[in-house]
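**Q** Pasting a structure below so you can have a look.
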Amino acid sequence: MMDAFERFGLLINDRVVRTPVAIASMAGIVDAGYVLERANHIGIAFIGGYSIDGPTMEAAREIASSGERKEFVYDDPVIELKNQIDQMAKSDVILGINLRGSSPESFGGIARALGDSVVYEVDAHCRQPAMVAAGSGEFYLKHPEKLIAVVRALKSESVTVSVKIRAGVADDDRKIVGELWKAGADILHVDLMDFGTAKLRQIRNTCPLMLIANNSITTFDRMKDMLSHGADLVSLARQSDIRTLAGLDAAISRYADEEGWYNAPKQLCRGGDIRSLTFCCMPVKECPLIPALSRINMPKETYIKMKLEAVRGTQLDDGKQTCFGSLSWCCKISSPCMFRDMTLKHAGISKKEYMRLKRDLSNTLMSRVFHDNTPDEAS
Ligand SMILES: Cc1cc2nc3c(=O)[nH]c(=O)nc-3n(C[C@H](O)[C@H](O)[C@H](O)COP(=O)(O)O)c2cc1C
Ligand code: SF4
Ligand code: SF4
């Protein structure tokens with residue numbers, strides 16, 4: 001059986017992610033005990049949200065006392081979180097702590113106290129009025145400069161940072177996502193609400209961050225849809241029961257073993273995100289590639305050079321019998337093609353291996369696009 005890294009190629013906080021299925025936080029509900037009961041079926045879990053300073057702890061008390069919602073309530077967040085982290089010590093589930101705080105100092109202080117063994121997730125999602133009034137949760141999406149300051153404070157403690165956002169709340173999702181990337185965030189955890197895959201693709205086209213898609217992803221079809229539009233993982237909160245998590249974990253593991261690239265994008269002309277440049281042809285005709293290149297400010301010549309350089313010396317360099325003389329320009333394996341398949345057969349490359357090679361090529365292209373270019377728009 002394939003190991004998890006070979007299967008999914010996912011690393012978070014320098015640890016291999018066992019499966020791209022995550023638990024998203026629910027205040028007062030998702031703690032270490034909740035996660036351990038489901039540990040066999042997930043790769044990462046975000047416990048919390050935990051309030052980490054005076055104003056947010058007060059807000060949590062107010063919410064809990066109203067009796068309408070649960071909250072984690074305690075006197076000392078460091079003691080509480082250390083206790084939770086200790087309970088997870090022997091688990092191979094990567095631990096994220098979803099935190100509500102009202103200042104960069106609160107986040108920096110908690111990271112100093114707890115260390116780098118966990119992922120710090122900034123809760124910029126909560127819309128409970130008391131939490132927003134305390135200057136946390138959704139408040140940050142309306143005050144992006146404050147959110148950026150929090151991310152910088154955490155990064156100055158050299159920890160891995162995730163930011164949990166709700167799509168459609170900030171004035172401009174693309175802008176805030178670009179700023180979070182530049183500020184050093186590592187993971188973007190997006191509650192897509194009703195925006196669906198178009199929003200996900202837009203975010204994927206704006207930044208190279210690891211993306212966790214969230215909201216009502218409870219079936220394998222929906223999970224696959226998220227993965228083929230840019231998500232690296234999916235997360236579940238309300239329906240994070242063992243049966244649902246186990247089903248998704250089993251299905252995506254089987255799919256990865258069969259297909260080779262568990263979150264392969266659709267072809268660009270079928271609505272694929274920027275990763276699908278790996279499947280694109282030479283720019284020889286009017287097709288969606290041309291506007292896609294102009295959106296990332298990349299001349300055609302640079303695109304051609306970039307692909308040719310990226311495959312030089314690899315198995316994708318071969319392919320004299322294919323349309324453009326190299327497998328680097330060839331389509332996704334799901335598009336039937338006799339010429340590509342004959343080339344693969346001749347070179348002894350399985351279809352699954354071909355998709356893995358395309359995944360590697362996509363990773364190289366993504367780093368060139370995002371580090372050497374500044375995409376100015378996404379679609
Ligand atoms: C009861 C409850 C509490 C939640 N608490 C938090 C929280 O503390 N922090 C957070 O970032 N999201 C919180 N969420 C949002 C969930 O993590 C998730 O984004 C949302 O429920 C949509 O995902 P789902 O459809 O899988 O439930 C909460 C959701 C629920 C239902
Ligand atoms: S280059 Fe080929 S794969 Fe890409 S958008 Fe154009 S026709 Fe589709
Ligand atoms: S040879 Fe086949 S797979 Fe390759 S670019 Fe041409 S049509 Fe696509």
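The values are calculated or read from the model by the stated rules, or taken from the named source; none is laboratory data. All values derive from a computational prediction rather than experimental measurement. As a convention, Cβ positions derive from the backbone with ideal geometry for all residues, glycine included, and neighbour counts pool all protein chains shown.
**Q** Here are K345, K352, K307: which of them is within 15 Å of ligand 3 (Cβ to nearest atom), basic (K, R), farther than 18 Å from M282 by Cα and not assigned by TED's automatic domain parsing to the domain that holds M210?
**A** Only one candidate passes the filter, namely K345.
**Q** Kindly list, by first and then second residue, each pair from a residue in the range 240-254 that is in the same structural domain as N215 (by TED's automatic domain parsing) to a residue that is outside any loop (DSSP other than H, G, I, E, B) and among the basic types (K, R), limited to pairs with Cβ atoms under 7 Å and residues at least 6 apart or on different chains.
**A** If the second residue must be outside any loop (DSSP other than H, G, I, E, B) and among the basic types (K, R), the pairs left are S253/R7.
**Q** Applying the selection to the range 278-296, what residues are more than 8 Å from ligand 2 (Cβ to nearest atom) and in contact with a helix residue (DSSP H, G or I) (Cβ under 7 Å, 6 or more places away or on another chain)?
**A** Passing the criteria: T278, L293, I296.
**Q** Now a separate question. Tell me which helices (runs of 4 or more DSSP H) are completely within the range 241-349 and hold 2 or more residues being over 29 Å from C207 (Cα atoms), or say none if there are none.
**A** Hits in the range 241-349: 242-259, 338-347.
**Q** Need pairs with beta-carbon distance below 7 Å; first residue assigned by TED's automatic domain parsing to the domain that holds D116 and part of a loop (DSSP other than H, G, I, E, B) and within the range 132-153, second of a type in the set (D, E, K, R) and buried (at least 19 other Cβ atoms within 10 Å of the Cβ); sequence gap 6+ or separate chains.
**A** S136/R100; S136/D123; G137/R100; G137/D123; E138/R166
**Q** If you don't mind, another one. Filter the range 88-108 down to the residues that are within 20 Å of E58 (Cα to Cα) and either free of Cβ contacts under 8 Å to residues at least 40 places away in the same chain or not assigned by TED's automatic domain parsing to the domain that holds P144 (or both) and list them by number.
**A** none
**Q** Of the residues that sit in the range 287-301 and are within 17 Å of R174 (Cα to Cα) and not charged (D, E, K, R), which one is surrounded by the fewest Cβ atoms within 10 Å (Cβ to Cβ)?
**A** N297
**Q** Could you run through the range 356-379 and say how many residues are surrounded by 19 or more Cβ atoms within 10 Å (Cβ to Cβ), of a type in the set (A, V, I, L, M, F, W, C) and either in contact with a Leu (Cβ under 9 Å, 6 or more places away or on another chain) or at pLDDT 95 or above (or both)?
**A** Total satisfying the criteria: 4.
**Q** Could you look through the range 327-349, keep only residues that are under 21 Å from E309 (Cβ atoms) and among the β-branched types (V, I, T), and pick out the one that is farthest from ligand 1 (Cβ to nearest atom)?
**A** Ranking the candidates gives T343 first.
**Q** Name the one entry in S51, S66 that is assigned by TED's automatic domain parsing to the domain that holds S102, at pLDDT below 95 and more than 19 Å from the chain's Cα centre (by Cα).
**A** S66
**Q** Moving to a separate point now. Looking only at residues that are more than 13 Å from S117 (Cβ to Cβ) and not polar (S, T, N, Q) in the range 79-91, which one is farthest from the chain's Cα centre (by Cα)?
**A** I79
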